[in-house]
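Quick note: the coordinates plus some simple rules give every number you see, no bench work behind them. Just so we're clear, the structure is a prediction, and the values are computed from it rather than from any experiment. Note: ideal-geometry Cβ built from the backbone for every residue, glycine included; neighbour counts use all protein chains shown.
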Amino acid sequence: MKVAILAGGVGTRLVEETEIKPKPMVEIGGRPILWHIMQHYSQYRYKNFVIALGYKGEVIKKYMVDYCSLNSNLTVNLANGEVKKQLHHGEDWMVELIDTGISTLTGGRIKRLQPYLENETFMLTWGDGVSNVDLDALLKFHRSHGKLATLTAVHPPARFGHLDFSNGQVSEFTEKPQTREGWINGAFFVLEPGIFDYIEGDDTQWERGPLENLAKDGQLMAYRHTDFWQCMDTLRDKRLLEKLWEDGTAPWKTWS
C-alpha cells in the first residue's frame, strides 16, 4: 500500500523557516519533519511513498537524491569522479517525487497523484504533522466499514489551559492539556480510489468540497486517536517538537 504525502504548501505562518525551504523540510532534531513522518509509516511496514511537491520542491528532491550517499560509506575516485557506496545505513524506501504545481490546492494535489497510486487503497497525510497513531488499527477500522474514506480524528493540544469553575471557584485547573478540546481532522487518512471522483481539479481544496460531500454521502468515517498528535504550523509548534525530541520524550518516535 502506498502512502501519499502532501508537501507542497508554502507554510506562511512559519516564515522564519520557510523562506528558504518548504515546511516539510523544517528540521526537528536535525532531520526534516517529513523524515519523521516517513519513519513512522515505515515502522508499520509502509515504505512506498508518493510525495506531492510544490513550493520549493527542489529542496525535497535534492534531499532525497543525496540521502543514500549521505547515509552510506563512500569511496570516491577523484581522478574520474566515480563514487562507490560501500555500506548503506539508510532506509529501504521507494520514494516518488511528483511536481503538483506551486499554487495547486490540497485537493488538486491529491488528484494529480492519482496516476501513481495504482487504483488501490492508499494512505494520505500532510507533510507537517506527527503522531503515534496506530496505523494497523487505523487500516483495520477502515476495512471494517467499507466506506471510501477514513480520517484520523484527534484532540488538538489546548494552547491556553483548561478551567472548571462554578460561582467563581475553580474546581479544576489544568495547564495545556492534550485532550480537552473538540475533535478535529488530524489527517492520517485511508482512502479508496473512489475519492478521486469528488475532486474537480487544481482549485479544489480537499477539506472543503470533497470531504464535505463525502460526509453528506455517508462515505466518510473517523478513527478516534486519543494519544499524541501535533502539527507544526508555527515557530512555537516547532520549538515544542524540538524540546520533546531533545528530551528524549518524543511520543511520535515509534521506531528504534
>> Explain nothing, just compute: Karplus ³J(HN,Hα) = 6.51 cos²θ - 1.76 cosθ + 1.60, θ = phi - 60°, for every residue of the stretch 184-199 in order, whole Hz, x for Gly and Pro.
In response: 9, 6, x, 6, 6, 8, 10, 9, 9, x, x, 5, 5, 5, 8, 10
> When Cys231, Cys68 are ordered from fewest to most other Cβ atoms inside 10 Å of their Cβ, what list results?
Replying inline: Cys68, Cys231
> Quick one: length gained pulling Ala137 to Leu78 fully straight, 0.36 nm per residue minus the C-alpha distance?
Replying inline: 16.2 nm
> Roughly how big is the chain's charge dipole about its Cα centre, with Cβ charges of +1 (Lys, Arg) and -1 (Asp, Glu), in debye to the nearest 20?
Replying inline: 280
> Under 17 Å from the 7 Å Cα→Cβ point of Trp183, by amide nitrogen: which residues of the stretch 209-239?
Replying inline: 211-229
>> What aspartates and glutamates does Lys253 reach when the alpha-carbon gap must be under 20 Å and sequence neighbours fewer than 8 apart in one chain are set aside?
In response: Glu27, Glu91, Asp92, Asp128, Asp134, Asp136, Asp227, Asp233, Asp237, Glu242
> Which FRET efficiency value, to the nearest 0.05, do you get for Ser69 and Ala215 by plugging their Cβ-Cβ distance into 1/(1 + (r/R0)^6) with R0 = 45 Å?
Replying inline: 0.50
> So which of Lys47/Lys147; Lys216/Lys238; Lys62/Lys216; Lys21/Lys243 end up more than 32 Å apart by C-alpha?
Replying inline: Lys216/Lys238; Lys62/Lys216
> Which values of log₁₀ I(q)/I(0), to two decimal places, follow from the Debye formula for the chain at q = 0.13 Å⁻¹ with a uniform point scatterer at every Cα?
Replying inline: -0.88
